[in-house]
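Asker: The structure that follows is given in the form of structure tokens.
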Amino acid sequence: MAKLKLVLYWAASCGGCDIATLAIGDKILKLAEVADILFWPIAMDFKYSDVEKMPDKSIDACLFNGAIRTSENEHIAHLLRAKSKIMIAYGSCSYEGGMPGLANFFNRRSIFDRAYIETQSTDNPKKVYPQPKVQVPEGELEIPEFYDTVKTLAQTVDVDYFVPGCPPEEKTTWLALEALITGKLPPKGTVISHSIKSVCDECPLIKEEKKIKTFYRTHQIIPDPKKCLLEQGLLCYGVATRGGCGALCPQAGMPCTGCYGPVEGVVDQGSHFLSALASIIDCDDPEEIQEIISNIVDPAGTFYRYSLPDSLLRRARIK
Ligand code: SF4
Ligand code: SF4
């Protein structure tokens, strides 16, 4: 039987998703039996020209991690889409924009100002910014264009499946790989995970009545490890996040931060969490409510930590 032809790629990514694909442990031996990896820049020395030479649709599946932040990310997304029968947005950055997507609260100019002018360790008196093209004695050098707005993979090319997580848990990765290996694929557009319900649904911590008088940051209290963290005032995102991870973070005393994306049927994860919080604040006095809410540091970054590019907001409007 012909082996499955797989490729893995990272765009605007931290590399964690590439490492997560190896977290399948000894199942990697099973994968090696049935699949060949034709292109995987983080692990093997391939050139883009190797991919360009492949016939269209000659790759069975592409696991694409990372957001679309530069012209190079976009170009390779189009190239791999053309060459692959199945395109999978693997991990939060590719699926929803992820952490790199928080840059959509800024624009290219303000990011460059911070990175190349303002940081204390930068010495750049002539205020030189990176340019896509620059002339040097040896000729013209070209680097990818840095876009104003971070996009998801699905905002760039047609995507067949989404694998949530930052990074995806081992069992979620294997669920996707197993579907590819067996050919038992879910309907196009499926978010591949063991659950369509919320993290709260699979969280074993004791849940009583959710009524909150104040919010805490994780370093401010030592929570009771057996009780729901949200009920103790920690901003646990499990109520608005798709399950399938096994609620690992809350069980380790860390609030869920929302990396598995919205639960099935919800378009905007941030506003879902916001409305859940609004319903559990134990107060009727507008001034006191304002004070309780003011304890939430960086609300926009918290509510849209992984999903700003894919949200209804998509980005901040900057004049
Ligand atoms: S989803 Fe998380 S682990 Fe994966 S590339 Fe993005 S930041 Fe890294
Ligand atoms: S700790 Fe978090 S995930 Fe667990 S039940 Fe409470 S809100 Fe839900």
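Asker: If you scan the range 123-179, which residues turn out to be surrounded by 23 or more Cβ atoms within 10 Å (Cβ to Cβ) and more than 15 Å from ligand 1 (Cβ to nearest atom)?
Answerer: Tyr161, Leu177
Asker: Select from the range 257-305 the residues that are in a helix (DSSP H, G or I) and touching a Cys at 6+ places or on another chain (Cβ under 8 Å) and write down the one among them that is surrounded by the most Cβ atoms within 10 Å (Cβ to Cβ).
Answerer: Looking only at the range 257-305, we keep the residues that are in a helix (DSSP H, G or I), and these are 269-278, 286-293, 299-303.
Going one step further and asking which of them are touching a Cys at 6+ places or on another chain (Cβ under 8 Å), we end up with 289, 292.
Values: Ile289: 14, Ile292: 19.
Restricting to residues being in a helix (DSSP H, G or I) and touching a Cys at 6+ places or on another chain (Cβ under 8 Å), the top hit is Ile292.
Asker: Residues that are touching a Gly at 6+ places or on another chain (Cβ under 8 Å): find the strands (runs of 3 or more DSSP E) completely inside the range 139-192 holding 1 or more of those. Give the derivation first.
Answerer: Working: elements: 139-142, 146-151, 161-163.
Per the criteria, 146-151, 161-163.
Asker: Another question, if that's okay. Could you give me the residue pairs with C-beta distances under 6 Å whose first residue belongs to the range 61-76 and is touching a residue at least 40 places away in the same chain (Cβ under 8 Å), whose second residue is of a type in the set (D, E, K, R) and more than 16 Å from ligand 2 (Cβ to nearest atom) wherever it lies, and which are 6+ apart or on separate chains?
Answerer: These pairs meet every condition: Ile68/Glu74; Ile68/Lys151; Ser71/Glu145.
Asker: Does Ala67 meet the test of being among the aliphatic types (A, V, I, L, M) and either farther than 15 Å from Leu177 by Cα or within 15 Å of ligand 1 (Cβ to nearest atom) (or both)? First the steps, then the outcome.
Answerer: Numbers: among the aliphatic types (A, V, I, L, M): yes; either farther than 15 Å from Leu177 by Cα or within 15 Å of ligand 1 (Cβ to nearest atom) (or both): yes.
For Ala67, the condition - among the aliphatic types (A, V, I, L, M) and either farther than 15 Å from Leu177 by Cα or within 15 Å of ligand 1 (Cβ to nearest atom) (or both) - is met.
Asker: Residues that are of a type outside the set (Val, Ile, Thr), surrounded by fewer than 24 Cβ atoms within 10 Å (Cβ to Cβ) and either more than 19 Å from the chain's Cα centre (by Cα) or within 16 Å of Asp148 (Cβ to Cβ) (or both): does the range 86-99 have at least one?
Answerer: No; the residues of the range 86-99 include none that is of a type outside the set (Val, Ile, Thr), surrounded by fewer than 24 Cβ atoms within 10 Å (Cβ to Cβ) and either more than 19 Å from the chain's Cα centre (by Cα) or within 16 Å of Asp148 (Cβ to Cβ) (or both).
Asker: Using the structure shown, decide if Lys30 is away from ligand 2 (no atom under 16 Å from the Cβ) and modelled with pLDDT under 95. Steps first, please.
Answerer: Details: away from ligand 2 (no atom under 16 Å from the Cβ): yes; modelled with pLDDT under 95: yes.
Answer is yes for this residue.
Asker: Still on this structure: Taking the condition among the hydrophobic types (A, V, I, L, M, F, W, C), in contact with a strand residue (DSSP E or B) (Cβ under 8 Å, 6 or more places away or on another chain), on the phi < 0 side of the Ramachandran plot and at pLDDT 95 or above, does Phe112 pass? Talk me through it step by step, then tell me what you get.
Answerer: Numbers: among the hydrophobic types (A, V, I, L, M, F, W, C): yes; in contact with a strand residue (DSSP E or B) (Cβ under 8 Å, 6 or more places away or on another chain): yes; on the phi < 0 side of the Ramachandran plot: yes; at pLDDT 95 or above: yes.
Against the criterion (among the hydrophobic types (A, V, I, L, M, F, W, C), in contact with a strand residue (DSSP E or B) (Cβ under 8 Å, 6 or more places away or on another chain), on the phi < 0 side of the Ramachandran plot and at pLDDT 95 or above), Phe112 qualifies.
Asker: Filtering the range 213-240 down to residues that are part of a helix (DSSP H, G or I) and not charged (D, E, K, R), which residue is nearest to ligand 1 (Cβ to nearest atom)? Walk me through how you get there before you give the answer.
Answerer: From the range 213-240, those part of a helix (DSSP H, G or I) are 230-232, 237-240; that's our starting set.
Okay, now just the ones that are also not charged (D, E, K, R), so 230, 232, 237-240.
Numbers: Leu230: 23, Gln232: 27, Tyr237: 15, Gly238: 18, Val239: 21, Ala240: 18 Å.
Per the stated criteria, the residue is Tyr237.
Asker: Further question on the same structure: Taking the range 224-259 as the search range and keeping residues that are in contact (Cβ under 8 Å) with a residue 40 or more places away in the chain and out of contact with any Phe, Trp or Tyr (no Cβ under 9 Å at 6 or more places or on another chain), which one is farthest from Ser294 (Cα to Cα)?
Answerer: Among residues in the range 224-259 that are in contact (Cβ under 8 Å) with a residue 40 or more places away in the chain and out of contact with any Phe, Trp or Tyr (no Cβ under 9 Å at 6 or more places or on another chain), the one farthest from Ser294 (Cα to Cα) is Gly246.
Asker: Here is a follow-up. With (1) exposed (fewer than 14 other Cβ atoms within 10 Å of the Cβ); (2) part of a helix (DSSP H, G or I); (3) more than 11 Å from ligand 1 (Cβ to nearest atom) as the list, and Ile19 as the residue in question, which single condition is left unmet?
Answerer: Failing condition for Ile19: (3).
The values are calculated or read from the model by the stated rules, or taken from the named source; none is laboratory data. Quick caveat: nothing in here was measured; it's all calculated off a predicted structure. Cβ coordinates were reconstructed from backbone atoms using ideal geometry, including for glycine residues, and neighbour counts include every protein chain displayed.
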